[in-house]
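Engineer: Below is a structure I'd like to ask you about.
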Amino acid sequence: MSAAISILVTILFVVVVLYLVQKLPIDPTMKQRAQFVILIAGMVSLLGSLGVF
């Protein structure tokens, strides 16, 4: 049960951070790089929650 909660919290956090990055007044290339880094960090966190790492 705690793994499911951890996964949901991680997904929610990634979505909120991606939304906030979209609202930043920065260069589109930097936005794309920030989104990529956030997605990779989210995937690593999800894999950690699932016990892969």
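Engineer: Fewest to most neighbouring Cβ within 10 Å: what's the order for 37, 52? The partial results should precede the final answer.
Structural biologist: Working: 37 11, 52 8.
Least to most surrounded, the residues fall as 52, 37.
Engineer: Taking the chain, how much of its Cα-Cα pair set, in percent, is spaced more than 14 angstrom apart? Intermediate results must be reported in sequence, preceding the final value.
Structural biologist: Details: 765 of 1378 pairs.
Above the 14 Å cut-off, the chain has 56 percent of its Cα pairs.
Engineer: If you don't mind, there's one more thing I want to ask. Please give the contour-minus-distance gain from residue 16 to residue 33: 0.36 nm per residue of separation, less the Cα-Cα distance, rounded to one decimal in nm. Intermediate values should be presented prior to the final figure.
Structural biologist: On the way: separation 17, 0.36 × 17 = 6.12 nm, distance 1.65 nm.
Additional length available on full extension: 4.5 nm.
Engineer: Here is a follow-up. Relative contact order (percent) for segment 2-50, with alpha-carbon contacts under 8 angstrom and 6 or more residues of separation? Numbers along the way, then the final one.
Structural biologist: Working: 20 pairs, mean separation 26.9, N = 49.
Once normalised by length, the contact order is 55 percent.
Engineer: Which part of segment 16-39 falls in the paramagnetic zone of residue 7, meaning amide N under 19 Å from the point 7 Å along Cα-to-beta-carbon?
Structural biologist: What the label zone holds, given the 19 Å backbone N cut-off, is 16, 39.
Engineer: Got a sec? How would 10, 29 order by Cβ neighbour count within 10 Å, fewest to most?
Structural biologist: Values: 10 18, 29 8.
The most exposed by this proxy come first: 29, 10.
Here, each number is a calculation from the coordinates, and none is a lab measurement. Note that the coordinates shown come from a computational prediction; the quantities given were computed from them, not determined experimentally. No Cβ is skipped: glycine too gets one built from the backbone with ideal geometry, and neighbour counts run over all protein chains shown.
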